[in-house]
Amino acid sequence: MSEVMEFELSKEFLERFNQALEEKDNSFIEQSLAGVNSADITSLLYEFDAEQCKYVFSILPTEVDAQILNDLDQDIRESFLQDFTPEELAAYLEYLDSDDGADILYQMSLKKQEEVIKHMENEEKASYILDLLRYEEDVAGGLMAKELMKADVNWSVDRCIEEIRIQAESVTKIFSVYVVDSEGKLLGWTSLKRLVLEDGKTKVADFYDDNIVSVETYMSEEEVAQIMQKYDLESVPVINARGKLVGRITIDDIVDVIMELAEEERQLMTGISADVEEDDTVWMLSKARLPWLIIGMVGGLIGAQFLSIFDADIALIPALAFFIPLITATGGNVGIQSSSIVVQSLANPNVFAGTMLQRLLKVLFVAVVNGVILALMVFGVVMLVNQNQPLAMTVSIALFSVVLLASFMGTVTPLVLDKFGINPALASGPFITTANDLLGLAVYFSVAHMLYNL
């Protein structure tokens, strides 16, 4: 087993490596990357163009190239794949698990997929990948790997261990052995430790554990992630509609899914409508941000028009204008807090969370407590600074009302979006802020009208 070398990507090494590429110093490239983890080599190659990266690929072992290709970000890999022939790609897929191989082929045209598979020497792996390509990328069938350990329920321990030795040649990560019947239907599982400790003549049927959590091929990646998080699983078997074992999903694939979902929600909550990175082009970054900036601008223009309705009120009581930023900012903050909590609860559902009415009542009580405290604080500050009781009453009552309304909006909006199949994270960004700004202004001047008899 080769030792993995500790690697540090420094400016000095980057300059020396670039020099080696220019001078075609194969000896330095090979020696400097020998024993380095493929993920570290991937980070290094991000600093170079496609032609230079392909040159490095020609020097490194095919097995290392395959892992680097697997580690690349999807956007970069998609363009990078165009520089390789089907024969070269087929050679890389031989060293990857079937699910990773399918992920790479998903990014190619149907014609190139078939050309790559045609050149694969491992017929079993090619068959596995073809089977996986039938599924969408974001369902359990598309996430699973076909390589796994399984044992027939009627086998003896000796037979089971013998078969596992054969299966181990194609399985890189072993978490458990799945037990199936003669038709391939999943019955349960057993650990390698249990197999080793049992007598060789004992049948698997006498000791396997039938308490097993599985997922079906059609289940979404979000559902699979929730199941694996809930039961703290390192891997989960995948079955088809007939209950037959067809693959397994390992924790490394689910970590990727969780990170992708978290990144997507973070970008939506901050008003970015596409998956972008800092090093993307100016146009791509602008295009991802513009939609919600335009919505925010439109909301601001509507708010300005809305304020013009109350020109006469502001002219009579100019001090009302001073507290407009306070009302809008508080409403926006409360709305984002409420919607963020709801989005989090939707991502991690709890069967004991209570009914919708109970949840809304809880939100109401929290809003009342926060609203009362904020209203009393602002009442005291306005009285201290302005010594104007009607103004203090107006601002404090309006603030209390805005906190209640913004909490309600922040809670209900993501729930409604989720009900209609729209990502509820949309409710935690500029959408909820703009909506609460307009509602806050309406409440503020309505209270002023009532208290000042305008």
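Just so you know, all these numbers are worked out from the coordinates, no wet-lab data involved. Keep in mind the model is a prediction, meaning the values are calculated, not measured. Glycine also receives a Cβ, built like all others from the backbone with ideal geometry; neighbour counts cover every protein chain displayed.
Regarding the chain, what's the average projected area of the Cα-atom convex hull, expressed in nm²?
Result: a mean projected hull area of 30.2 nm².
Please tell me the relative contact order of the chain in percent, rounded to the nearest whole number, where contacts are Cα pairs under 8 Å and at least six residues apart.
The normalised contact order for the chain reaches 11 percent.
Which order, highest average first, do 89-96, 235-242 follow once you tally other Cβ atoms within 10 Å for each residue and take the mean per peptide?
Listed from highest to lowest mean packing, they are 89-96, 235-242.
Using only alpha carbon pairs under 8 Å that are at least six residues apart, calculate the relative contact order of region 59-184 and give it in whole percent.
21 percent
Would you work out the charge dipole size for region 282-452 about its Cα centre, treating the Cβ of every Lys and Arg as +1 and the Cβ of every Asp and Glu as -1, and quote it to the nearest 20 debye?
Dipole size: approximately 440 debye.
Under a point spin-label approximation (7 Å from Cα along Cα-to-Cβ), what is the Ala315-Leu9 distance to one decimal in nm?
About 6.3 nm, to one decimal.
Over the Cα atoms of region 368-450, compute the convex hull volume and normalise it per residue, giving Å³.
Looking at region 368-450, the number lands at 93 Å³ per residue.
In what sequence, highest mean first, do 7-15, 151-159 appear when ranked by Cβ atoms within 10 angstrom?
151-159, 7-15
Sorted from largest down, give the three principal axis spans of the alpha carbons of region 11-135, whole angstrom values.
Per principal axis, max minus min of the Cα coordinates gives 47, 24, 20 Å.
Rounded to the nearest 0.05, what FRET efficiency do Ile59 and Tyr106 give with R0 = 25 Å and r taken as the Cβ-Cβ distance? Could you check?
0.35
Which value in deg cm²/dmol, rounded to the nearest 500, describes the helix-derived mean residue ellipticity at 222 nm for the chain, given -39,500 (n - 2.57) per DSSP H run of n ≥ 4 and division by the residue count?
About -20000 deg cm²/dmol.
Return the long-range amide H neighbours of Gly247 (sequence gap of 5 or more, or a different chain), with a cut-off of under 5 Å between placed amide H atoms.
Correct list: Val238.
Could you give the dipole magnitude of the chain about its Cα centre, charging the beta-carbon of Lys and Arg +1 and that of Asp and Glu -1, in debye to the nearest 20?
That gives the chain a dipole magnitude of about 2920 debye.
Is there a pair in Lys11/Lys173; Lys24/Lys146; Lys118/Lys150 whose C-alpha atoms are over 30 Å apart, and which pairs would that be?
Lys11/Lys173; Lys24/Lys146
For region 150-260, with only Lys/Arg (+1) and Asp/Glu (-1) charged at the beta-carbon, what is the dipole magnitude about the Cα centre, in debye rounded to 20?
400 debye
Would you mind ranking Phe28, Phe323 so that the residue whose beta carbon has the fewest other beta carbons within 10 Å leads the list?
Phe28, Phe323
Using +1 at the Cβ of each Lys and Arg and -1 at the Cβ of each Asp and Glu in region 282-452, identify which of Ser308, Phe379, Phe365 lies farthest towards the dipole's positive end.
Of the listed residues, the answer is Phe365.
Looking only at Cα atoms, what is the convex hull volume of region 150-260 per residue, in Å³?
99 Å³
To the nearest 0.05, what FRET efficiency results for Asn122 and Val282 with a Förster distance of 56 Å applied to their C-beta separation?
0.80
If you wrap a convex hull around the alpha carbons of region 282-452, what volume per residue comes out, as a whole number of Å³?
Expressed per residue, the convex hull around the Cα atoms of region 282-452 is 137 Å³.
Ranked from highest to lowest mean number of other Cβ atoms within 10 Å per residue, what is the order of the peptides 164-173, 223-232?
For the peptides 164-173, 223-232, the packing ranking is 223-232, 164-173.
Using DSSP to define loop residues, name the chymotrypsin sites (Phe, Trp or Tyr not before Pro) in region 178-227 whose beta-carbon has at most 10 other beta-carbon atoms within 10 Å.
Answer by residue number: there is no such site.
Residue farthest toward the positive end of the dipole of the chain, with Cβ of Lys/Arg at +1 and Asp/Glu at -1: which of Leu326, Leu195, Leu415?
Going by the Cα projections, it comes out as Leu326.
For the chain, give me the percentage of DSSP beta bridges that are antiparallel, rounded to the nearest 5 percent.
The antiparallel proportion sits near 70 percent.
Quickly work out the Asp209-to-Arg159 label distance, labels modelled 7 Å from Cα along the C-beta direction, and quote it in nm with one decimal.
In this crude label model, Arg159 to Asp209 measures out at 2.4 nm.
With labels modelled as points extended 7 Å from the Cα through the Cβ direction, what inter-label distance (nm, one decimal) is found for Phe28 paired with Gln52?
Spacing of the two 7 Å Cα→Cβ label points: 1.2 nm.
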